[in-house]
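Everything below concerns the one structure shown next.
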Amino acid sequence: MNAGSLEFWYDFASTYSYLAAERIQPLAQSKGVAVSWHPFLLGPIFQKQGWDNSPFNIYKAKGEYMRRDMERSAENYGIPFLRCEDTFPANGLLAARITLCLLTEEQQAAFTQAVYRAQFAQGEDISDRAIIQAILERLGHDAEKLFTQAKSANIKQRLFDNTAQAQAKGIFGAPSFITPDGELFWGDDRLEQALDWVQKTTLTA
């Protein structure tokens, strides 16, 4: 029985979104909750807060804490993690646009997870077209066709709209989760709580 759905909002540069992307599917399936995948860009949202970079780079102590916390959390979950000092925050624009070209939630999920793993488990630069191409081909997609689609005005507008919609929903960071009744949960450590909320409110509706 399907217990409702959860919107998963993420930016490909987000470290904690990587953890959530790795964990969300089995947790959601165990509760009968469907997941919809929503890539967006944190940059414009940060800019409206007066930041020209990730707060993890702007505030050194916060950045050092995040990196150590990621190491602890990844080890606890059994998820590989590399610090990626030279490429953080990554430029995830191409990956986000490609995600929006994919037709099913399953395809979007598999691609999203593969990009995160390339970046945070293998230390790859996901702004490199060759890295994205290799991922697409490994997943059985026509990479050149998707690259062409990703440059279209329609896909560019969809990503712009996703980012505007995220801001309208009150999203200020990633990962964020939105329940059917509009509750916002922020952070990988709120994933279980968000899923429980969906399950509880769906059963009592």
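Looking at the range 163-182, which of the residues that are within 19 Å of residue 23 (Cβ to Cβ) and either out of contact with any strand residue (DSSP E or B) (no Cβ under 7 Å at 6 or more places or on another chain) or among the hydroxyl-bearing types (Ser, Thr, Tyr) (or both) is surrounded by the most Cβ atoms within 10 Å (Cβ to Cβ)?
176
Being under 17 Å from residue 15 (Cβ atoms), assigned to a strand (DSSP E or B) and touching a helix residue (DSSP H, G or I) at 6+ places or on another chain (Cβ under 8 Å) is the filter here, so list the residues in the range 156-205 that pass it.
Selection gives 176, 177.
Under 8 Å between Cβ atoms, which residue pairs at least 6 apart in sequence (or on different chains) link something in the range 132-149 that is within 15 Å of residue 117 (Cβ to Cβ) with a partner that is among the charged types (D, E, K, R)?
Matching pairs, first to second residue: 136/142.
So, in the range 61-117, of the ones that are aromatic (Phe, Trp, Tyr) and farther than 11 Å from residue 12 by Cβ, which residue ends up farthest from the chain's Cα centre (by Cα)?
In this case the residue turns out to be 65.
Just so you know, all these numbers are worked out from the coordinates, no wet-lab data involved. As the structure is a computational prediction, the values presented were derived from the model and not from experiment. With ideal geometry, Cβ positions are generated from the backbone for all residues, glycine too; neighbour counts draw on all protein chains shown.
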